[in-house]
Amino acid sequence: MLPNRIAKAAMSEQLATVTGRPTPAHVRLYDTWARSGCGLIVTGNVIVDRSAVSEPRQVVLEDERDIEMLRTWATAARADGAHCWMQLNHAGRQIPRTLSGRPVAPSAQEMTTLRGGFAPPRTLAASEIEELIQRFARSAEIAVRAGFDGVQIHAAHGYLISQFLSPLTNQRDDAWGGDPERRRRFLLAVIDAVRGAVGPKVPVAVKLNSSDFQRGGFDEDESMAVVDSLGDAGVDLLEISGGTFESTAMMTGAGESTRAREAYFLDYAERVRARARMPLMLTGGLRSAAGMQAALQSGAIDVCGVARPLVLEPDIAQRLLASDKTVSSAVPRRGRIPRLAGAAETIWYTEQIRRISRGRTPKPGRSVEAAMARYLLASTRDALVRRVLVR
C-alpha cells in the first residue's frame, strides 16, 4: 500500500563515482525527495552490468561491495514514509562511443539518427542472454537486501529490454526473436528471474513504452500484447512511457496533439486500462493537481508519475496533495536545436539534480546551452577516466 498516488519517476542523476559506486550525494538527494510528499520514489536507472552504462556516472550493481552505502541511500529515501524502488537497467546499444566501442544488442542494428555518437553493436549470443537475465535477478536481490522496498525493470526508452521488444532492433530468428511472442520472451524471463530472487511479497514493476514512435518499431498493438503478458507474469505496477534516444517522446510528447496536454500518454493508458490487470502509473507531462485528479478520476491510471517538477520544486508533491489549485512552475527546457531537444532537457535537469545533491537550491535561470557544454566536457572526461579504470 502506497501512502498516496504521487510517485517520483526515474531521472538521470549522474552522482556515482566513475566506477559506478553510489556516493553520499545520492543520500543527500534522496533525503530531500523523501520530504517531498511522494508516496513512491523510483531511483534513477541502476545498471546491472558495468560494461553497459549509458552515462559515465551511473550506479552499477553487480555485487555486494557497496551494500552499506546502498542501505544508507534506501534509509534516506524512506525516512518520511515513502516507498523506494530501485530501477534496474542495461543500456544495450544505447551507449555513447566514448563509453564503449562495441556495445551489445539483440541484433547488430546501428543507431540511425545518432549514428556518429554510438558505435555499431554486436549481436548477443544465446548464452550471454541467459547470463544477463541472471544479472537482473542478482541486482534485484541485493537491492531488496539493502532496504529498497521493490524494483522496477526498465523496459522502455530504447534500452536493452526495449530493444528486444522492437522488430526494428530485434531481427533475430531464434528463441529470442522472430515474432512478437519471442521478442517479449527476454522481458518475461527477466521478470520471472527477478521474482524468484526477491520473493512473492516484494513489488516488481515494469516501465514500458506505449510505442517507440519510430517507423517499423515497437507500436501500440505490440505494447498491448505485452501488457497482457505482464498480467500473466504477476507484475505489481506498470509505468507507461514512450520513445527512445532517437525519438524522445518521453521528454517532449509524441506530437502536437499530446504535447498540448499534461499527460503525454494518457490516450494509451485509457485504451490499455480495459486489459491491464495491474495498477497503472503514468509519467510524462503531469504538472497540476487538477490534471492529475482528472487522470485519476477517469479511472485510466492509478498513480501519477512526476519527475521534472520535483527537481525545481522538491516539495511539489506536498503542495499538490494540499490544494487542487497547485500547478508546477516546471516548463520545457529544450534549447535551440530541435533535434537535440530531449537530450538538452535531460542534461539541464541533471545539472539541477546535482545542485540539490550538494545542498544547494535549483537555478531555473541557467542556460540550456551552457548546461550542455558543461555536461559534454565533464562526461567526456569521466568517460575517458572510466575506460581506464573499468575493464
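The values are calculated or read from the model by the stated rules, or taken from the named source; none is laboratory data. Keep in mind that what you see is a predicted model, and the values were worked out from it rather than measured. With ideal geometry, Cβ positions are generated from the backbone for all residues, glycine too; neighbour counts draw on all protein chains shown. Just the protein is used for accessible areas: all its heavy atoms, side chains included, with ligands, DNA and RNA removed. Shrake-Rupley method; radii C 1.70, N 1.55, O 1.52, S 1.80 Å.
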Looking at residue 144 and the list (1) open to solvent by 10 Å² or more (accessible area, probe 1.4 Å); (2) of a type in the set (A, V, I, L, M); (3) closer than 23 Å to residue 12 by Cα; (4) not in a helix (DSSP H, G or I), which single condition is not satisfied? (4)
Is there a residue in the range 98-109 that is more than 18 Å from residue 177 (Cα to Cα), open to solvent by less than 10 Å² (accessible area, probe 1.4 Å) and either of a type in the set (Val, Ile, Thr) or modelled with pLDDT under 95 (or both)? no
Assess whether residue 82 counts as being buried (at least 24 other Cβ atoms within 10 Å of the Cβ) and touching a Cys at 6+ places or on another chain (Cβ under 6 Å). yes
Taking the range 110-141, which residues are of a type in the set (Val, Ile, Thr) and open to solvent by 10 Å² or more (accessible area, probe 1.4 Å)? 112, 113, 123
Going through (1) free of Cβ contacts under 8 Å to residues at least 40 places away in the same chain; (2) more than 24 Å from residue 208 (Cβ to Cβ); (3) open to solvent by 20 Å² or more (accessible area, probe 1.4 Å) one by one, residue 297 fails only at (2)
Aliphatic (A, V, I, L, M), more than 16 Å from the chain's Cα centre (by Cα) and within 23 Å of residue 391 (Cβ to Cβ): does that describe residue 69? yes
Filtering the range 78-123 for residues that are within 18 Å of residue 12 (Cα to Cα) and without any contact (Cβ under 8 Å) to a residue 60 or more places away in the chain leaves a count of 1
Looking at 174, 149, which is the one that is open to solvent by 10 Å² or more (accessible area, probe 1.4 Å) and in contact (Cβ under 8 Å) with a residue 60 or more places away in the chain? 149
Output the residues belonging to the range 147-174 that are part of a loop (DSSP other than H, G, I, E, B), within 20 Å of residue 60 (Cα to Cα) and of a type outside the set (Asp, Glu). 147, 148, 156, 157, 158, 159
Being closer than 18 Å to residue 241 by Cβ and either touching a residue at least 12 places away in the same chain (Cβ under 8 Å) or open to solvent by 10 Å² or more (accessible area, probe 1.4 Å) (or both) is the requirement here; does residue 155 meet it? yes
Suppose we keep only residues that are assigned to a helix (DSSP H, G or I) and open to solvent by less than 20 Å² (accessible area, probe 1.4 Å) within the range 22-66. Which one would you say is farthest from residue 152 (Cα to Cα)? 25
So which residues in the range 281-321 are in a loop (DSSP other than H, G, I, E, B) and either among the basic types (Lys, Arg) or more than 15 Å from residue 4 (Cβ to Cβ) (or both)? 284, 285, 287, 298, 299, 300, 307, 313, 314
Every listed condition ((1) part of a helix (DSSP H, G or I); (2) in contact (Cβ under 8 Å) with a residue 24 or more places away in the chain) holds for residue 381 save (2)
Looking at (1) open to solvent by 80 Å² or more (accessible area, probe 1.4 Å); (2) part of a helix (DSSP H, G or I); (3) farther than 25 Å from residue 50 by Cα, which is the only condition residue 369 fails? (1)
Looking only at residues that are open to solvent by less than 30 Å² (accessible area, probe 1.4 Å) and part of a helix (DSSP H, G or I) in the range 177-188, which one is farthest from residue 137 (Cα to Cα)? 183
